[in-house]
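Structure first, then comments.
Bear in mind that the values in this text are calculations on the coordinates, not laboratory data. All values reported here derive from a predicted model rather than from experimental measurement. Cβ coordinates were reconstructed from backbone atoms using ideal geometry, including for glycine residues, and neighbour counts include every protein chain displayed.
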Amino acid sequence: MPSAPLFRFGVIADPQYADLAPNLTLNRYPANSLDKLRAAIEEFNRHDLAFVVTLGDIIDREWKSFDAVLPVYQALRHRKHFLLGNHDFAVAPQHLGTVPARVGMPSPYYDFSLSGYRFIALDGNEISVFAPPEGDPRRQEAKDLMKALEIAGALNGQRWNGAIGDTQYDWLAAKLKEAKAAGEKVIVLNHYPIFPENAHNALDSDRMLSLLAEHDHVVAYLNGHNHAGNFGVSGGTYFVNFMGMVDTEDTSAYSIVSVYDDRLEITGFGRETDRTLALR
């Protein structure tokens, strides 16, 4: 008999709910995400999961969208974790500072340990032209990053991408060392991809990739944002970009990740891909 997994967890990326007409150009159906979420949660509730994480873009826009989508999660019988994405900040200016609290997050970035694993959840919106309040210097810092990427000929100097600040970067570096000292493997969670090269990658993807490459206990980096999905391996770390739930009229996308001693097994539902990722 195959060994049982250490634990399993669910993954949702980019439900991006709003009571809006479909965006046929992008093949996105934001109003349909409530039913897709309900179906995903029904499936998750059939399994023994340690938690379910939503990798950002819970809403497409408008503060009132949270009032409709967050109650759907109440049916989930598992612990839930949220990350925030760029669309979660497409709200009136007075609400920008309270988005994390609205979704029940203890802080914009955080970590937790489980069965020999450290999960590090990042706030990839910290340096951006949409999450900080108007006039905040972090907006200009994001513009400077975008300009530098444009000059370098990079694809990702886009206004829908973000980066982490120096304080969060130092926190991440410290958490990676802390996990290493504790003998834990690390899975990093972020809304924004950093590898392979793509127009949706974080504005600081090179800096982030270099940091993770210094740590051989970082086994995976999981993200959303690029709704088409993506996959790559760099420095012994798997980079898995989960597909956007909001895309297409009637097919969904979500996953269950089973963590074994020697591998991660991703079971994809709907459009999402099955993967077996061997661990060193």
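Along each principal axis, taking the top coordinate minus the bottom one, the Cα set of the chain gives 57, 41, 33 Å in descending order.
Expressed to the nearest 5 percent, the antiparallel share of DSSP beta bridges inside the chain is 60 percent.
The per residue volume of the convex hull around the alpha-carbon atoms of the stretch 172-277 is 93 Å³. The string of couplings for the stretch 92-97 from the Karplus curve (6.51, -1.76, 1.60, θ = phi - 60°) is 4, x, 5, 9, 4, x Hz, one whole number per residue in order, with x for Gly and Pro. What separates the Cα centres of the stretch 99-116 and the stretch 119-150 is a distance of 20 Å. Note on the chain: GNM, Cα springs under 10 Å; of 106, 30, 132, the largest mean-square fluctuation is that of 106.
Quotient of the Cα radius of gyration of the stretch 26-65 and 2.2 N^0.38 Å, N being its number of residues: 1.37.
Taking the three principal axes of the alpha carbon atoms in the stretch 220-280, the coordinate ranges are 39, 20, 11 Å, sorted in descending order. How big is the charge dipole of the chain about its Cα centre, in debye rounded to the nearest 20, if each Lys and Arg gets +1 on its Cβ and each Asp and Glu gets -1 on its Cβ? Computed about the Cα centre, the dipole is about 380 debye. Taking 0.36 nm per residue of separation and subtracting the Cα-Cα distance, full extension of the segment from residue 250 to residue 174 would add 23.1 nm. Of the beta bridges in the stretch 60-194, as assigned by DSSP with both residues counted there, near 55 percent are antiparallel.
When Lys and Arg each count +1 and Asp and Glu each count -1, what net charge do the other residues less than 13 Å away from residue 177, Cβ to Cβ, add up to? Combined, the nearby Lys, Arg, Asp and Glu give -3. Each other residue within a Cβ distance under 13 Å of residue 156 adds +1 if Lys or Arg and -1 if Asp or Glu, for a net charge of -1. Once the gyration tensor of the Cα atoms in the stretch 1-136 is diagonalised, the equivalent ellipsoid follows with semi-axes of 27, 20, 12 Å, ordered largest first. For the stretch 58-214, the gyration tensor built on C-alpha atoms gives an oblate shape. Its axis ratio a/c (a ≥ b ≥ c) is at least 1.5, and a/b is not larger than b/c.
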